[in-house]
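Written below as structure tokens is the structure these notes are about.
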Amino acid sequence: MNEIIEAIKKASIKIKGIIEQGDTSKSDNQNSTGDTQLKLDIASDIVIEKEFKKIASIKQIVSEEQENIVDIHKDGKYLIAYDPLDGSSLVDVNLSVGSIYGIYENSFTGKNIIASVYVVFGPRVEMVIADGKTVKMYRLYDEDFKYIQDIKLNEKGKLQAPGSTQKCWYPYHKKMIDDFFAQGYRLRYSGGMVPDLHQILLKGGGLFSYPSTSDLPKGKLRQLFEVFPFAFVYECAGGEAVDGISRVLDVETLHIHDTSPCFFGSCEEIKKVKEVYLKNA
Ligand code: F6P
Ligand code: MG
């Protein structure tokens, strides 16, 4: 596992360079979910794949930017699903973006995730590792990631990040979001899930939601590359992650690019989500 973390560190230093100096224009390709790929997405993907190919303990990888699973070493143990540069369209407006990695064993399913890592590229570069027991944050100084702190969520937070297109929200979802605001929750939403979820983790708690909507009944965020890795981080930090009703890590994956509605938060907020969704969905 250590060599995987070292590969992620090396890739992140290169991706930092790509973000700072790379071309932010669109490529001619679309990924399998139909998003037009930016040249930055493709360049970051190539960097990560190159680092992972050197590691004997990795059996397979799958990138949000590629159609299929890539076989790496047949005797390897780990399967890695990653989103090389989440929120890449925010680079040209100079907002924070991130990379997300889910590390699985045996198969790419929520039940088999054993660790996850995300890297935030903001004014500073920070890496967060969840290993099933703790969530640890590191910060990049020159070429070195230094340990900064463990991350633990409070029982209840003060922030909410409500994602997706509001005109497509179901009425019970809108009411739930309004109720949180009426209780005093403050809006924190940049449109990049990595910095938005990182902020909630570091500021003690709250709720990030990306629901089922009338235009996207299964939400937008991808299970293997986005939803499961962050669900694992939130659970390790003492919070919860659900699809509205069930623990999202128990949701089945039929296809590697499947999406799922998702809610990440501290326990109090998730309790309220489950109450609302059990009654209405
Ligand atoms: O990868 C998808 C993503 O860019 C996430 O980082 C972000 O949370 C979400 O899309 C934003 O979507 P929307 O603009 O629909 O709220
Ligand atoms: Mg993404």
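Observations
- Separation of the Thr134 and Asp28 label points, Cα + 7 Å toward Cβ, nm: 5.1
- Under the simplified labelling scheme, the Lys174-Asp250 pair shows an inter-label distance of 3.2 nm, with each label point 7 Å from Cα along Cα→Cβ.
- Hydrodynamic analysis of region 159-279 uses the Kirkwood radius over alpha carbon pairs. Inserted into Stokes-Einstein at 20 °C and 1.002 mPa s, it gives a translational diffusion coefficient of 152 µm²/s.
- DSSP-defined beta bridges in the chain - what % are antiparallel, rounded to 5: 80
- If R0 is taken as 35 Å, the Cβ-Cβ distance between Met1 and Phe181 corresponds to a FRET efficiency of 0.30.
- Theoretical gain in end-to-end length, Asp144 to Lys77 [0.36 nm per residue, Cα-Cα removed]: 21.4 nm
- Within region 2-150: Cβ-based charge dipole about Cα centre, in debye rounded to nearest 20 (Lys, Arg +1; Asp, Glu -1): 460
- Under-5 Å amide H pairs with Thr259, H placed in peptide plane, nonlocal only: Gln223
- When each of Lys74/Lys218; Lys54/Lys203; Lys77/Lys203; Lys175/Lys218; Lys53/Lys152; Lys77/Lys271 is checked by Cα-Cα distance, pairs over 25 Å: Lys74/Lys218; Lys54/Lys203; Lys77/Lys203; Lys53/Lys152; Lys77/Lys271
- The share of accessible area on region 159-279 that comes from carbon and sulfur is 53 percent, using a 1.4 angstrom probe.
- A run of the chain free of exposed loop cleavage sites, with GluC sites (Glu not before Pro) counted only in DSSP states other than H, G, I, E and B and at most 11 other beta carbons within 10 Å, reaches its longest extent at 144-251.
- Over the chain, accessible surface divided per residue gives 45 Å², non-protein components excluded, 1.4 Å probe.
- Taking amide H atoms as placed 1.01 Å from N in the peptide plane, the amide H of Leu207 lies under 5 Å from those of Leu159, Gln160, Ala161, each 5 or more residues away in sequence or on another chain.
- Computed on region 2-150, with alpha-carbon pairs under 8 angstrom and 6+ residues apart, the relative contact order is 14 percent.
- Under the Karplus curve 6.51 cos²θ - 1.76 cosθ + 1.60, θ = phi - 60°, whole-Hz ³J(HN,Hα) for region 265-281, x wherever Gly or Pro sits: x, 7, 4, 4, 5, 5, 4, 5, 4, 4, 4, 4, 6, 5, 6, 10, 7
- The stretch between Asp215 and Lys152 holds 19.2 nm of extra length on full extension. This uses 0.36 nm per residue minus the Cα-Cα distance.
- Degrees between helix 171-182 axis and first principal axis of the chain (Cα, 0 to 90, nearest 10): 90
The values are calculated or read from the model by the stated rules, or taken from the named source; none is laboratory data. Fair warning: this is a prediction, and the values are worked out from it, not measured in the lab. When we count neighbours, we look across all protein chains shown, and the Cβ atoms used for this are built from the backbone with ideal geometry, even at glycine. Heavy atoms of the whole protein, side chains included, go into the accessibility calculation; ligands, DNA and RNA do not. Shrake-Rupley method; radii C 1.70, N 1.55, O 1.52, S 1.80 Å.
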